[in-house]
């Protein structure tokens, strides 16, 4: 954030993060300019919020903020041979608001990986070893506008029985010059649908369970949390 108001000016830049998913928050206001940013991934929910303040008048400047919530877990699916297909469902809720000279937006990415590096032409990976994008969505808003979102999302991936894979979800909210973005990705109510007769184990140990029927669901993406917020901070110069 930077501003020039009368004889006062300032430039601020700061950031913070939490390796266990607990709430991280930053807040600053100066001469009518300011920002708030917070994120967490506690109790299986990914939450990210960014809000900024910006004024017109005798001064000029800008303010921006972003907040990111990311969590992941390692899984193994047993009860079959070769390749299988699994899918998930979830819910994304949020709202965007922007001012005349502002903007706001969000992005959500959910992916699959086994950690194997695939170099085409040198090392050919099997289908289940290739990184897979399960869901990717970005939206932004500018000018004097508002938007409210409540969206069911789903994705599908190919896995290999008895081979570990990682699922990761990253939710980001960002805003500038009077904009606001506030989003939540549900995960305790999320579900991972497995093939009939399969069972699921995960590294966190929170949701390991047998799945005897195709329509029986196990929890996904509840494992390790990492959240961070980024905005501005430096000394103020009079």
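The values are calculated or read from the model by the stated rules, or taken from the named source; none is laboratory data. Treat the numbers as computed from the prediction; the structure is a model and nothing was measured. Cβ: placed from backbone, ideal geometry, glycine included. Neighbour counts: every protein chain shown.
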Original post:
Do we have residue 3 as out of contact with any helix residue (DSSP H, G or I) (no Cβ under 8 Å at 6 or more places or on another chain), more than 27 Å from residue 155 (Cα to Cα), free of Cβ contacts under 8 Å to residues at least 40 places away in the same chain and surrounded by 21 or more Cβ atoms within 10 Å (Cβ to Cβ) here?
Top reply: no
Original post:
Would segment 112-122 turn up any residue that is assigned to a strand (DSSP E or B), closer than 30 Å to residue 56 by Cα and within 15 Å of the chain's Cα centre (by Cα)?
Top reply: no
**OP:** Just give me the residues in segment 89-109 being within 30 Å of residue 199 (Cβ to Cβ) and either crowded, with 17+ Cβ neighbours inside 10 Å or without any contact (Cβ under 8 Å) to a residue 12 or more places away in the chain (or both), in sequence order.
**Re:** 90, 92, 108
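Considering every residue within segment 123-132, establish whether at least one is closer than 30 Å to residue 59 by Cβ and surrounded by 15 or more Cβ atoms within 10 Å (Cβ to Cβ).
no
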Subject >> Matching entry among 80, 61 (being assigned to a loop (DSSP other than H, G, I, E, B) and over 16 Å from residue 186 (Cα atoms)) >> reply: 80
Original post:
With 124, 67, 86 as the choices, which residue is farther than 24 Å from residue 192 by Cβ and at pLDDT 90 or above?
Top reply: 67
Original post:
Does at least one position in segment 180-187 carry a residue that is outside any strand (DSSP E or B), more than 27 Å from residue 1 (Cβ to Cβ) and modelled with pLDDT under 95?
Top reply: yes
**OP:** Among what's in segment 51-88 and is within 30 Å of residue 11 (Cβ to Cβ) and under 13 Å from the mean Cα position of the chain (by Cα), pick the residue that is surrounded by the fewest Cβ atoms within 10 Å (Cβ to Cβ).
**Re:** 70
Original post:
Conditions: (1) on the phi > 0 side of the Ramachandran plot; (2) buried (at least 19 other Cβ atoms within 10 Å of the Cβ). Residue 197 meets all but one. Number of the miss?
Top reply: (2)
Original post:
If residue 29 passes every condition in (1) under 17 Å from the mean Cα position of the chain (by Cα); (2) over 19 Å from residue 92 (Cβ atoms); (3) surrounded by fewer than 19 Cβ atoms within 10 Å (Cβ to Cβ) but one, which one does it miss?
Top reply: (1)
Subject >> Test for residue 36: is it under 25 Å from residue 179 (Cβ atoms) and either surrounded by fewer than 21 Cβ atoms within 10 Å (Cβ to Cβ) or at pLDDT below 90 (or both) >> reply: yes
Original post:
Failed condition for residue 137, given (1) within 27 Å of residue 202 (Cβ to Cβ); (2) modelled with pLDDT under 95, with all others met?
Top reply: (2)
Original post:
Quick one: residue 56 ticks every box in (1) within 30 Å of residue 157 (Cα to Cα); (2) without any contact (Cβ under 8 Å) to a residue 60 or more places away in the chain bar one, so which box is it?
Top reply: (1)
Subject >> Meets criteria (farther than 29 Å from residue 202 by Cα and in contact (Cβ under 8 Å) with a residue 12 or more places away in the chain) for residue 84 >> reply: no
**OP:** Give 206, 221, 192 a once-over and let me know the one that is part of a loop (DSSP other than H, G, I, E, B), modelled with pLDDT under 90 and touching a strand residue (DSSP E or B) at 6+ places or on another chain (Cβ under 6 Å).
**Re:** 221
Original post:
Which of the residues belonging to segment 137-171 are closer than 30 Å to residue 101 by Cα and surrounded by 17 or more Cβ atoms within 10 Å (Cβ to Cβ)?
Top reply: 141, 142, 170, 171
